[in-house]
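Chemist: Please see the structure below; I have some questions.
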Amino acid sequence: MASKLLVFATLLEFAVAQSGAWSQCGGIDWGGPTTCIPGWICTYSSSWYSQCLRPMVDYDIDDTTPTSTTSSIPTPSRTPTVGLALVAQAAGKLYFGSATDNPELNDAPYVALLGDTMEFNQITPGNSMKWGATEPSRGTFTFTKGDAIVKFAQDNGQLLRGHNCVWHRQLPSWVSSGNFDNATLQSIVQTHCSTLVGHYKGQIWDVVNEPFNDDGTWRASIFYNTTGPSFVNVALQAARAADPNAKLYINDYNIEGTCAKSAAMANLVKSLKAQDVPIDGVGIQAHLIVGQVPSTMQENIEQFTALGVEVAITELDIRMTLPVTDALLQQQKKDYQTVIAACKAVSGCVGVTVWDYTDKYSWIPSVYPTQGAALPWDANLTKKPAYDGIVAGFLP
Ligand code: G3I
């Protein structure tokens with residue numbers, strides 16, 4: 001008869017200038033080491049205290065296996081259960097995060113997992129900081145919904161990614177149908193971005209979202225059609241002026257592998273840098289399809305980081321054609337692992353965010369009715385094989 005026992009990962013040797021097992025490794029006024037001995041992870045507890053903790057490993061131990069001493073710890077019979085944020089940080093990344101939305105914050109079991117910083121130490125508001133939500137009429141700003149998500153993140157000690165200042169979708173009609181001239185629209189963009197980023201100081205920001213078509217040409221948005229590429233410069237400069245400490249990104253989809261669109265993004269970054277326009281990062285959304293993860297992801301991430309910007313995977317999900325089958329779930333697990341491994345392999349790829357963590361709140365079925373099951377937890381908040389794929393992608 002098999003019994004189940006929770007044991008911890010192997011204790012490894014002490015290293016100089018690193019905090020030891022269970023010791024403090026951070027917090028306000030902390031002057032000691034901020035990294036832990038190998039195998040232990042410096043884990044945020046509050047702004048006053050971080051502690052070296054071990055990811056827990058879940059073993060099934062057969063009665064015939066000797067269990068009495070640490071020298072006979074058995075080989076795990078299945079994938080260790082660890083937190084995604086913990087394994088991401090152990091791999092040198094800043095965060096593993098999730099998007100969320102205000103209505104979901106009334107779902108207690110969902111919220112309990114979202115606020116678990118072993119799984120998620122970063123949050124992106126999926127809708128509540130977009131233009132329509134924050135400046136529904138010209139010069140009138142409403143921050144209530146965004147503030148609620150910021151409060152959630154702050155209460156849990158999670159990083160926040162602002163999403164987004166300038167996008168062609170979810171615009172209020174006063175912007176999309178305003179027929180403004182070039183100078184006026186530039187001024188409107190300037191006011192919107194500086195007010196938004198100024199309100200949410202100290203964040204990572206998707207300042208410009210989805211500026212390109214898939215062939216690498218500029219998207220014919222109200223912004224590009226009126227100002228040419230200048231709206232990008234104006235938005236980034238306004239964001240930097242409003243908060244010199246914010247990390248400023250341009251974010252897009254279908255730039256996961258090397259292609260015309262990712263080349264256009266790289267050229268834009270080069271051009272902005274040549275003009276001294278502030279740009280800190282490229283966001284690769286990564287709304288992907290099971291079995292179709294581009295093979296050139298790592299090379300593509302490297303082409304961005306070689307330009308002197310960081311990269312983040314900002315909206316990861318990997319959808320399948322329904323119904324769900326074991327074969328599709330296994331392929332999805334491999335695909336998640338491939339994406340995470342590509343980010344892990346490049347030090348300038350700083351973090352990964354899933355576009356919500358559970359199929360219960362995925363955007364996919366509303367847009368692609370025959371597809372779904374794109375996230376690492378299913379609609380009952382049960383982990384899918386994809387979860388293990390993410391862990392495996394981060395592990396050495
Ligand atoms: O808030 C209204 C609600 O009052 C109304 O009853 C309901 C009826 O349909 O609609 C609600 O608005 C919806 C909104 O999400 C909030 O749930 C919109 O119809 C719906 O279009 C909107 O979808 C969002 C989509 O962006 C819009 O383009 C998704 O939630 C959001 O996840 C998705 O996120 C985008 C990223 O911002 C950019 N990258 C792609 C990604 C997926 O499309």
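The values are calculated or read from the model by the stated rules, or taken from the named source; none is laboratory data. None of these values were measured; they are calculated from a predicted model. Here Cβ is always computed from backbone atoms with ideal geometry, including for glycine, and neighbour counts include all displayed protein chains.
Chemist: Restricting the search to the range 359-385, which residues are away from the ligand (no atom under 13 Å from the Cβ) and of a type in the set (V, I, T)?
Modeler: T370, T382
Chemist: Looking at the range 193-200, is at least one residue in a loop (DSSP other than H, G, I, E, B), farther than 18 Å from T142 by Cβ, assigned by TED's automatic domain parsing to the domain that holds A99 and at pLDDT 95 or above?
Modeler: The answer is no; no qualifying residue exists.
Chemist: Filter the range 221-256 down to the residues that are in a loop (DSSP other than H, G, I, E, B) and surrounded by 18 or more Cβ atoms within 10 Å (Cβ to Cβ) and list them by number.
Modeler: Across the range 221-256, the qualifying residues are S221, D243, A246, Y253, N254, I255, E256.
Chemist: From the set of residues in the range 321-333 that are aliphatic (A, V, I, L, M) and over 10 Å from A386 (Cβ atoms), which is farthest from the ligand (Cβ to nearest atom)?
Modeler: The residue in question is A327.
Chemist: What are the residues in the range 167-185 that are surrounded by fewer than 13 Cβ atoms within 10 Å (Cβ to Cβ) and either part of a loop (DSSP other than H, G, I, E, B) or among the basic types (K, R) (or both), if any?
Modeler: R169, S177, N179, D181
Chemist: For the range 142-160, name all the residues that are surrounded by 15 or more Cβ atoms within 10 Å (Cβ to Cβ) and closer than 28 Å to T226 by Cα.
Modeler: F143, the sole residue that qualifies.
Chemist: Can I ask one more? Please enumerate the residues belonging to the range 154-179 that are within 12 Å of the ligand (Cβ to nearest atom) and either without any contact (Cβ under 8 Å) to a residue 12 or more places away in the chain or basic (K, R) (or both).
Modeler: Of everything in the range 154-179, those that are within 12 Å of the ligand (Cβ to nearest atom) and either without any contact (Cβ under 8 Å) to a residue 12 or more places away in the chain or basic (K, R) (or both) turn out to be R161, R169.
Chemist: Now, a different point. Could you tell me whether A312 is within 16 Å of the ligand (Cβ to nearest atom), surrounded by 23 or more Cβ atoms within 10 Å (Cβ to Cβ) and at positive phi?
Modeler: In short, no.
Chemist: Just checking, which of N213, N209 is within 16 Å of the ligand (Cβ to nearest atom) and in contact with a strand residue (DSSP E or B) (Cβ under 8 Å, 6 or more places away or on another chain)?
Modeler: Result of the check over N213, N209: N209.
Chemist: With the requirement that a residue be within 16 Å of the ligand (Cβ to nearest atom) and of a type in the set (K, R), what does the range 134-153 give you?
Modeler: K145
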